[in-house]
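First up is the structure itself, then whatever we jot down about it.
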Amino acid sequence: AHGVRRGVWIARTDWSAMAPVDRHAALVHATALQCPDSDALVFSHASAAALFGMPRIDPWPKAVDVLRADHRVRSSGLIQRREGPAAPTVLVRGLRVTAPARTVVDLSRTSSLGSALAAADYAVRVGLCTPQELAEQVADLPAYAPGARAARTVVGLADPRSMSVLESLSRAQMYVLS
């Protein structure tokens with residue numbers, strides 16, 4: 001068996017067969033199982049992206065992202081507490097996560113351009129959110145907020161016609177080189 005997190009195990013063959021996005025989603029679920037008040041948790045950033053099935057070019061983090069709302073939740077080796085304003089949430093696979101547009105904007109502020117654009121393109125292509133919802137979410141950011149400029153760039157580049165992660169990465173690289 002493979003230990004997903006202390007006290008949570010999965011068959012090694014199942015773990016080996018999982019894609020990295022599914023492994024991170026399993027870590028998110030394991031974290032929720034281990035937290036006594038998991039209903040108070042709002043998963044965000046890469047953890048919300050994994051639950052939505054959004055692609056990622058950067059390696060998946062080893063810690064689970066939780067939006068800071070409850071002071072009892074502390075950062076640790078397995079939980080990364082994220083700062084930010086209250087966010088609209090949705091239930092995904094039984095867990096509360098930031099809404100798709102907020103998730104994309106959070107990723108845009110904290111991930112590489114390629115990873116953020118891959119997630120944004122996917123989100124608008126499969127209908128998790130609209131370009132308008134992304135624009136509204138980024139408009140809510142204070143101009144001085146860390147990563148606001150990067151978020152505006154990603155939202156401006158997001159394209160529902162992008163059909164693959166590599167296409168998103170190529171567009172990100174062309175943008176950087178232009």
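The values are calculated or read from the model by the stated rules, or taken from the named source; none is laboratory data. Here the structure is a predicted model, which means the values were calculated and not measured. All Cβ positions, even for glycine, are placed from backbone atoms using ideal geometry, and neighbour counts span all protein chains on display. Side chains are part of the model used for accessible areas, which takes the heavy atoms of the whole protein and leaves out ligands, DNA and RNA. Shrake-Rupley method; radii C 1.70, N 1.55, O 1.52, S 1.80 Å.
Residue by residue, here is whether (1) in contact (Cβ under 8 Å) with a residue 60 or more places away in the chain; (2) in contact with a Leu (Cβ under 6 Å, 6 or more places away or on another chain); (3) farther than 15 Å from T153 by Cα; (4) not β-branched (V, I, T) holds:
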{"position": "I79", "(1), (2), (3), (4)": "no, no, yes, no"}
{"position": "V90", "(1), (2), (3), (4)": "no, no, yes, no"}
{"position": "D106", "(1), (2), (3), (4)": "yes, no, no, yes"}
{"position": "G114", "(1), (2), (3), (4)": "no, yes, no, yes"}
{"position": "L117", "(1), (2), (3), (4)": "no, yes, no, yes"}
{"position": "C129", "(1), (2), (3), (4)": "no, no, yes, yes"}
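Quick check: anything in region 36-58 touching a residue at least 40 places away in the same chain (Cβ under 8 Å), out of contact with any Leu (no Cβ under 6 Å at 6 or more places or on another chain), farther than 25 Å from R109 by Cα and not aromatic (F, W, Y)?
yes
Would you mention how many residues in region 6-24 are closer than 14 Å to A63 by Cβ and open to solvent by less than 50 Å² (accessible area, probe 1.4 Å)?
Matching residues across region 6-24 total 1.
How many of the residues making up region 160-178 are touching a residue at least 12 places away in the same chain (Cβ under 8 Å), surrounded by fewer than 16 Cβ atoms within 10 Å (Cβ to Cβ) and under 11 Å from A118 (Cβ atoms)?
Here the count works out to 1.
Do we have any residue at all in region 100-117 that's more than 22 Å from D58 (Cα to Cα), β-branched (V, I, T) and out of contact with any strand residue (DSSP E or B) (no Cβ under 8 Å at 6 or more places or on another chain)?
Quick first cut of region 100-117, residues more than 22 Å from D58 (Cα to Cα) only: none.
No, that holds for no residue.
Keeping to region 143-158, report how many residues are open to solvent by 30 Å² or more (accessible area, probe 1.4 Å) and not β-branched (V, I, T).
8
Take E83 and decide whether it is modelled with pLDDT of 95 or more and open to solvent by 20 Å² or more (accessible area, probe 1.4 Å).
The answer is no for E83.
For residues in region 139-178 being in a loop (DSSP other than H, G, I, E, B) and of a type in the set (A, V, I, L, M), which is nearest to V105 (Cα to Cα)?
The extreme case among them is L141.
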